[in-house]
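Derivation of every value follows stated rules applied to the coordinates shown; laboratory data play no part. Remember, it's a predicted structure, so these values are computed and weren't measured experimentally. Neighbour counts are summed over all protein chains in view; Cβ atoms, including those assigned to glycine, are modelled from backbone coordinates with ideal geometry.
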């Protein structure tokens, strides 16, 4: 069911005579085979509207000579079934009037047609947002006119080619210096000592960035009517309004204007990288690296990312001919949700351009997910600097990303302008939406579970290790045989140890003879010989213990497991090397690496179960037998590190792959009903705490996350 072509509010404006202001300029653009009309106000270039042919068929006739009803009648006769609905035209007139592009012969009661307030386009970014708002400082036309020759010099094919060469070379140099850059950047960003550099350098970098946008607009005779200072995440930065570029007919020109700031920052990053390489450690080098970080990392993550409505977004939409992609994707989703929830289509449904449909489906959810991840990163970073900033940012992001859309959806469903036939369904949907969210968060119990990863772990008595390094001379017991405590399994050989023992025996015997002779003739010398005899005797005992360690023995009774037994003869075995194991039929033991944030919650457990890699579809009951009290940055086995496919990030400099980047706690379990599993096999453990509300779980997890990363001294 579609929204009616007619509106019961049409009478309010039907006899009014609308007129576009004399300063409005219209430019025709063709995008993906469809004609669009761009309306700009020459007096204020920031006021830009893009209309399709059907909408412009109405707006283009708003000359002050005809009434709204007369224009509507002509458009109906001209477009037939393609005419926009009266409701859609009313909304369009509201927006044009609010932007100052359209006026009426007398004050028409247009603003009262809709309960929500329509803000002027020039003030859209000045909503109450504690992390982003603007202060207008005036018109930069004089400055840009003075610098216009510079823009014409820099925005040329030759200059673009030079830019590419410099930036590519800088990227290659940065790759070769990645370790040093990472270490220096980590020192700057994670310490408060040089944090003032960020606040000092960032506005200067952004001033050059915005100046590049302004010069690019002036390069093709566009107008920049506004500049000012924006506060973004508590950091001041300049801005210019380059929206006049939207009226450029050439997509290439529009893309260059959008990309000018990014290109300027990447050039600054390249120059700063060269300075960083040339100068000695100190303030200048720190400033250079700060410029590199701001102009490269932050540009690629935020300003250059097309999932955020910054420069990268406009470059993408201009190059791919996808105008207003973000708004159109949002409207596309709203139209489909409205059809699903309310059971009818909008009176002016969005008609996708050729090849645009996949972009409309994908852009809005991908953009929301990226904004969610970026918001979390900003919250954690601010919290690391000062906890109060992190809390403020977190509350704002929760409101803007979650609560505000829900409130807006409920208001839209309760809108009194919904047709009578759909009003009951809309109100029921609003009640469900308003009720299900708190009920789902606070009333519905969900499993409270902690998951952890580990490996099957054998006790030291079951592990076959040699106490002395040597070459395997003989395999005394075979794989699969039953052994008893003390049985020799392998016999190692070390000719140097044997020779050393023989040398020590000869030296001891000689010293004992000398001692016997000295006892009769020189008691003082005899005391010295006695000390030397005792020293050699101790060395001989150590050597004999090492030789005895060449016999690798079983510590417990059980079945012998010797992997690759056939390759053992003649192989050198370092001291302490695990050669095999003895399976005594006891229960499987598991050693887990639990993140430090989760380890404190392993109390009041209702049950513990594990899933072995050998049988991933089955959970076996387990028992908690203990945990090492202190957190450490080491894994019990390399199999748990990311290089081996595990969940833990490890230090790339650690050749063994055991040193983690975050602290973990070792926890030991026993699985009574599973015989000893293969040592080192991966295990997933499930700790069940009972049931809790989703709100409780989210609060606890969020609190653990914040406590681990927020600076408590900043509160």
Requested in this report: For helix 387-398, report the angle its Cα long axis makes with the longest principal axis of the Cα atoms of the chain; keep it between 0 and 90° and round to the nearest 10°.
Outcome: 50
Requested in this report: At 7 Å along the Cα-to-beta-carbon direction for both residue 19 and residue 76, put a label point, then send me their distance in nm to one decimal.
Outcome: 2.6
Requested in this report: Compute the convex hull volume of the Cα atoms of the range 572-667, divide it by the residue count, and report the result per residue in Å³ as a whole number.
Outcome: 156
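More than 43 angstrom separation, counting every C-alpha pair in the chain; what % is that? Could the numbers behind the result be given before it?
Values: 131310 of 255255 pairs.
Result: 51 percent of Cα pairs exceed 43 Å.
Computed FRET efficiency, Cβ-Cβ of residue 662 and residue 700, R0 25 Å: what is it to the nearest 0.05? Working shown, then result.
Details: r = 19 Å, r/R0 = 0.74.
Approximately 0.85, to the nearest 0.05.
Would you mind getting me the FRET efficiency between residue 503 and residue 578? Use the beta-carbon distance for r and R0 = 41 Å, nearest 0.05. Display every interim value, and only then the final one.
Details: r = 32 Å, r/R0 = 0.78.
After rounding to 0.05, the efficiency reads 0.80.
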Query raised in the report: Say each of residue 362 and residue 182 gets a label point 7 Å from the Cα, pointing the same way as Cα to Cβ; how far apart are those two points in nm?
Result: 2.9
Requested in this report: Take the range 128-321, drop everything but the C-alpha atoms, weight them equally and run the Debye formula without solvent; then report log10 I(q)/I(0) at 0.07, 0.10, 0.12, 0.15 Å⁻¹ to two decimals.
Outcome: -0.21, -0.43, -0.63, -0.97
Report summary line: Helix 495-521 sits off the longest principal axis of the Cα atoms of the chain, rounded to the nearest 10 on a 0 to 90 degree scale, by 50
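Given only helices, namely DSSP H runs of n ≥ 4 each adding -39500 (n - 2.57), what is the per-residue ellipticity at 222 nm of the chain, to the nearest 500 deg cm²/dmol? Kindly include the intermediate steps, with their values, before the conclusion.
Numbers: 19 runs with 310 residues, N = 715.
Taking each H run of at least 4 residues, the total per residue is -14500 deg cm²/dmol.
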**Report entry** Mean projected area (nm²) of the alpha-carbon convex hull when the range 249-374 is viewed from all directions
**Finding:** 10.1
**Report entry** Highest-first arrangement of 653-660, 86-93, where packing means the average Cβ count within 10 Å
**Finding:** 86-93, 653-660
Query raised in the report: So how long is each side of the range 396-522 along the principal axes, counting just the alpha-carbon atoms, biggest first, in Å?
Result: 125, 46, 24
Report summary line: Between the Cα axis of helix 357-385 and the main Cα principal axis of the chain, the angle (0 to 90°, nearest 10) is 60
Query raised in the report: Using 7 Å Cα-to-Cβ label points, what is the residue 105/residue 634 separation (nm, one decimal)?
Result: 8.9
**Report entry** P(r) tail fraction, the range 533-618 - alpha-carbon pairs more than 16 Å apart, %
**Finding:** 76
Report summary line: Extension length gain for residue 495 and residue 284 (0.36 nm per residue less Cα distance), in nm, is 69.8 nm
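Report, to one decimal in Å, the Kirkwood hydrodynamic radius for the range 461-578 based on all distinct Cα pairs. Don't jump to the answer; show the numbers that get you there.
Numbers: mean 1/r = 0.0608 Å⁻¹.
16.4 Å is the Kirkwood radius here.
Go ahead and run the numbers for FRET between residue 586 and residue 615, Cβ-Cβ distance against an R0 of 22 Å, rounding to 0.05.
0.75
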